[in-house]
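Worksheet for the structure shown next.
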Amino acid sequence: MIRALLVLTAAAAAMTLNGCTLVVLGAYDMATDARPFAVQSDDGAIANTIRSELLEAGLRPFLAVDVFCHQGLVVLTGIAEPGRDAAALAIAIARRQPGVRRVETYFFSTRLSRATDYGISTRFLGRVIFDLSLRAAQVDFAVINGHVVLAGVVDGQPRMEAILRHARSVDGVKTVRSYLQLKAAHPKAALGRQ
């Protein structure tokens, strides 16, 4: 009985700490992102609306899709079954969102090895985290079939080059597709606002 109570208490503590950890990490991401809070908020709303509309459209041909939005640039990447119009529908959904300046895609017809992609992701993220000149919050990425897709906003060319160098240096990476942007001098203009 006491042992069960201890296990239950430990599980409750772990869940509580996990929630606190997520809050702290979210705050860290917002604070270290190169974009102003208002732009982060707008980009997040755009990406979430696109994700929601993709689900509502019942896009089952998508086995996996990542939606990134930074300064109004939407990047859609993932797996789409060949011969379906799912990719075209995803692009149409993204383009009709207010605040979207441009939509870029990088789709594959199948995923060869989720485990290999996960290993590449882990090694790349580790390099970014341990490079003290970089901030992990400035880059979103996906790895599909050894292809690394980068999206984000950095506050200088040297940081962009460092992220690209880290991605290219990971064993197993076939190509690196970069949609990284430099921080806009006028963030409202970056989103097409006046």
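Please list the non-local residues whose amide H lies under 5 Å from the amide H of T105, H modeled 1.01 Å from N, same-chain partners needing a gap of 5 or more.
L76
About its Cα centre, how strong a charge dipole does region 83-148 have in debye, to the nearest 20, once Lys and Arg get +1 and Asp and Glu get -1 at the Cβ?
140 debye
First select every other residue whose beta carbon is under 13 angstrom from the beta carbon of H147; then total the charges, Lys and Arg +1, Asp and Glu -1.
Local charge sum for H147: +2.
Non-local amide H neighbours of A64 (under 5 Å, H modeled in plane, Pro and chain starts lacking H): which ones?
I79
Determine ³J(HN,Hα), in whole Hz, for all residues of region 64-73 in sequence, where each value follows from phi through the Karplus function 6.51 cos²θ - 1.76 cosθ + 1.60 and θ = phi - 60°; x replaces Gly and Pro.
7, 8, 10, 10, 10, 9, 9, 6, x, 8
Among DSSP beta bridges whose residues both lie in region 30-184, state the antiparallel percentage, nearest 5.
50 percent
Throughout, read-outs are computed from the coordinates displayed, never taken from laboratory work. Because the structure is predicted, anything quoted here is derived from the model rather than measured. Please note: Cβ atoms are built from the backbone with ideal geometry, for glycine as well, and neighbour counts cover all protein chains shown.
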